[in-house]
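Contents: one structure, followed by commentary.
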There are 2 protein chains.
Amino acid sequence: MRILIVEDEPKIGNYLRQGLAEACFVVDLARDGLDGLHLALTEAYDLAILDVMLPGIDGWQVLQGIRRSGKEMPVLFLTARDDVDDRVKGLELGADDYLVKPFAFSELLARVRTLLRRGGMAKEPEFLRAADLELDLMRRRVTRSGKKINLASKEFALLELLLRRRGEVLPRSLIASQVWDMNFDSDTNVIEVAIRRLRAKIDDGFDQKLIHTVRGMGYVLEATE
Amino acid sequence: MRILIVEDEPKIGNYLRQGLAEACFVVDLARDGLDGLHLALTEAYDLAILDVMLPGIDGWQVLQGIRRSGKEMPVLFLTARDDVDDRVKGLELGADDYLVKPFAFSELLARVRTLLRRGGMAKEPEFLRAADLELDLMRRRVTRSGKKINLASKEFALLELLLRRRGEVLPRSLIASQVWDMNFDSDTNVIEVAIRRLRAKIDDGFDQKLIHTVRGMGYVLEATE
DNA sequence: CTTCCACGATAAGGATTCTCATGCGTACTC
DNA sequence: GAGTACGCATGAGAATCCTTATCGTGGAAG
């Protein structure tokens, strides 16, 4: 699988190249937008990773150039934390996914694999919803009935999992593996505690409870009444 | 690559099978020692993952049976946190690596890959040392001049990295990627803070400092005088 | 030699997350 | 129906880790 990286910061670029090479990808690295676009048009890649902020022409323009040429490989955008609008714009222009800097390499790898598996079709959704609860994946923000709710990172990860598999009863083992990178320790109740904290933030004070306990099975997020 | 798992707890066994299958390994799962040994002897595996506590014959006996038959594939042991002696025994019997339950799946995967890459030769060391500092990888314990030092997990990971590459100057970017799963955020000083905490525990109060700052480069652990 | 600046050290504070202890409710047994 | 065991809920406390702010120091430039 061939991947094109367009990234001007040498530290990041080299790290990505090295990390992806170790994961058995063939990687080309371009240091600016022009080089990147040129490579993208003359070579055949299965995926492109574009930084938004680039010297010369920026990531959007590279993306536009790629799409105009008719190339359809999936594109993953790298954006700075604050430039939310950039992210929206990138998705509108035809990016398939985005990643906010700073990010964990494992996160990048996971997304790269996902994009390659499904060939770039079916973009990442931007929102997850259930009843009046809304989770904004891009902005990493959560609201219920329009009211902003602040979630810590574990809380967010847990809610994201519950929402992605809304209606399914998720056993603890699954939750542990997804949110905690797996932990077979039975003598801990981190999950209960985390659920408790999450409930306090998204269910307490609301009539309609969204998180339900299924005794002996696990937890579901459901908007049934 | 074919992997044999011998694990009686269904939760763990299934999870391992699934996770390793997703990582493109061919996996067989045995629920007890006898089945496991039988499979190990009749089929050809590139690696075996053995739980110590098993119904019927235990993990050591399976290992002994494997070795007696002349099979040399690498063996990774899974042990409970408390049974330290078990771990030592396992290594003496010819295991190549061990993992303490509970563990992160990513950790397991990393070790599996390492073992497969080097074909099981060259066992994991049990200790890392520098001057009078000793890090016990199995017990996850650290002593200096024989005095026990309690380290938090990040501190331990950092010290382990420094010790594994003792004498090398490690740039921040490397440390960040290894200990923090990479983080390109420049406006944080987590590393300095972590180094500080680590120094407080292993260098403060000792004449011979082990952690040295190399201005503009990074940090080294060295026992030079 | 002095000044300035970048880099690192350090302290303090806060946020997050885990552990532990305990309470409650449900389901099962007798 | 009473007793009991188990699973989950909850609260309190602590450990760990990160952020921010400030200070110090070494090295380069003038």
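Tabulated values for the structure
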| quantity | calculated |
| --- | --- |
| Fraction of antiparallel bridges per DSSP, the protein assembly as shown only, in percent to nearest 5 | 50 percent |
| Ordering of A:48-60, A:3-15, B:205-217 by burial proxy (mean other Cβ atoms within 10 Å per residue, highest first) | A:48-60, A:3-15, B:205-217 |
| Too-long pairs where the Cα-Cα distance tops 31 Å, listed order kept, from A:101/B:147; A:11/A:71; A:101/B:148; A:11/A:201; B:101/B:201; A:11/B:11 | A:101/B:147; A:101/B:148; A:11/A:201; A:11/B:11 |
| Only Lys, Arg (+1) and Asp, Glu (-1) charged, at Cβ; chain B dipole about Cα centre in debye | 540 debye |
| Computed E for residue A:114/residue B:164 - FRET, C-beta separation, R0 30 angstrom, nearest 0.05 | 0.40 |
| Chain B - percent relative contact order, Cα under 8 Å, separation 6 or more | 12 percent |
| Shielding by other protein chains, B:168-181, mean Cβ within 10 Å | 2 |
| Mean Cα-pair separation over length for segment A:2-117, i.e. relative contact order, pairs under 8 Å, 6 or more apart, % | 23 percent |
| Beta bridge orientation in chain A: antiparallel %, DSSP, nearest 5 | 50 percent |
| Three-way shape label, segment B:26-75, alpha-carbon gyration tensor, a/c 1.5 | oblate |
| 14 Å beta-carbon shell around residue A:178, net charge (K/R +1, D/E -1) | -2 |
| Position residue B:69, label points 7 Å along Cα→Cβ, spacing to each other copy in nm (shortest first, one decimal) | 5.5 |
| Principal axes of segment B:127-221: Cα extent on each, largest first, Å | 38, 27, 20 |
| Closest Cβ on chain A to the rotation axis that carries it onto B (distance rounded to whole Å) | A:106, 4 |
| Per-residue ³J(HN,Hα) for segment A:96-101, Karplus 6.51 cos²θ - 1.76 cosθ + 1.60, θ = phi - 60°, Hz, x for Gly and Pro | 9, 7, 9, 9, 8, 7 |
| Calculated P(r) tail over 25 Å for chain B, as whole % of Cα pairs | 47 percent |
| Two-decimal Rg to Rh for the protein assembly as shown - Kirkwood Rh, Cα set | 0.99 |
| Calculated [θ] (222 nm, deg cm²/dmol) that DSSP helices of n ≥ 4 give over chain B, each run adding -39,500 (n - 2.57) | -12000 deg cm²/dmol |
| Vicinal HN-Hα couplings computed from phi for segment B:104-114 (Karplus, 6.51 cos²θ - 1.76 cosθ + 1.60; Hz; Gly/Pro x) | 7, 4, 4, 5, 4, 4, 4, 5, 4, 5, 4 |
| Reach of residue B:154 by Cα under 12 Å, taken over aspartates and glutamates that are not fewer than 8 positions away in the same chain | B:181 |
| Average partner coverage of A:103-112, which counts Cβ from other chains inside 10 Å | 2 |
| Positive-end residue, the protein assembly as shown charge dipole about Cα centroid, Cβ charges, pick of A:180, B:1, A:198 | A:198 |
| Shape call, segment A:2-117: gyration tensor on alpha carbons, a/c limit 1.5 | rounded |
| Other protein chain Cβ atoms within 10 Å, averaged over every residue that makes up A:13-23 | 1 |
| Electrostatic dipole magnitude of segment A:125-225 [Cβ: Lys, Arg +1; Asp, Glu -1; Cα centre; debye, to 20] | 260 debye |
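Just so you know, all these numbers are worked out from the coordinates, no wet-lab data involved. Computed from a prediction, not measured in an experiment: that's the story for all the values here. Cβ: placed from backbone, ideal geometry, glycine included. Neighbour counts: every protein chain shown.
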